[in-house]
Amino acid sequence: MKLKQIMAAVLGRDPGSDHVYFQPPENIRLKYPAIIYSRNNMPRIHADNSVYGMGIEYSVIVIDPNPESLLLKPIASIPTCRFDRHYVADNLNHDVFTIHY
């Protein structure tokens, strides 16, 4: 399953939902609650002097006017997810996660 489909399922929306954004340009007006994700890192696993495996880490930001967002627990329940930080900007709550996918 693609990461966008997983995020849309967390929102309870269709994968074509306009509430899930991959690296949105600045001119797009976001609809809240929203999930924004972008590539963050590509960690490699080394064995026998070569690259044995590689994954992709994504930074996932949940943006919700509600400080007790119902999206936090489903995102945090993804097995390769870890919570990074919370901050408030423009009266919106931002919760940042890292997901290895």
Exercise for the section: Enumerate the amide H contacts of D84 below 5 Å, restricted to partners 5 or more residues apart or on another chain; note that Pro and chain-start residues carry no placed amide H. Expected result: V96, F97, T98
Problem - the range 34-42 - phi-based ³J(HN,Hα) in whole Hz, Karplus 6.51/-1.76/1.60, Gly and Pro as x - result: 9, 10, 10, 9, 8, 5, 10, 7, 10
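Of E57, E68, E26, which has the most accessible area with a 1.4 Å probe, and how do the rest follow in descending order?
On the way: E57 30, E68 140, E26 185 Å².
Result, largest first: E26, E68, E57.
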Problem - Dipole-positive endmost among L71, L3, N41 within the chain (Cβ charges, Cα centre) - result: L3
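Just how large is the dipole of the chain about the Cα centre, in debye to the nearest 20, putting +1 at every Lys and Arg Cβ and -1 at every Asp and Glu Cβ? Working shown, then result.
Numbers: 10 positive and 10 negative charges, 39 e Å.
Dipole of the chain, to the nearest 20 debye: 180 debye.
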Completion exercise
For the range 19-33, in residue order, the Karplus 3J(HN,Hα) values (coefficients 6.51, -1.76, 1.60; θ = phi - 60°; whole Hz; Gly and Pro = x) are 9, 10, 10, 9, 6, x, x, 5, 7, 7, 8, 6, 10, 9, x
Handout entry: Accessible area expressed per residue, the range 1-79, with surrounding protein chains retained (probe 1.4 Å, Å²)
Key = 67 Å²
Problem - GNM flexibility winner over the chain from N49, N91, N27 (Cα, springs under 10 Å) - result: N49
Fill in the blank from the handout: Listed residues A89, A34, A47; largest mean-square fluctuation, Gaussian network over the chain with Cα springs below 10 Å, found at A47
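What full-extension length gain, to one decimal in nm, is calculated for E57 and E26 as 0.36 nm per residue of separation minus the Cα-Cα distance? Present the calculation step by step, with values, prior to reporting the outcome.
On the way: separation 31, 0.36 × 31 = 11.16 nm, distance 2.23 nm.
Computed gain between E57 and E26 is 8.9 nm.
The values are calculated or read from the model by the stated rules, or taken from the named source; none is laboratory data. This structure is a prediction, so every number in the text was calculated from the model and none was measured. Note: ideal-geometry Cβ built from the backbone for every residue, glycine included; neighbour counts use all protein chains shown. Ligands, DNA and RNA are stripped out before the accessible areas are found, and what is left, the full protein with its side chains, is counted by its heavy atoms. Shrake-Rupley method; radii C 1.70, N 1.55, O 1.52, S 1.80 Å.
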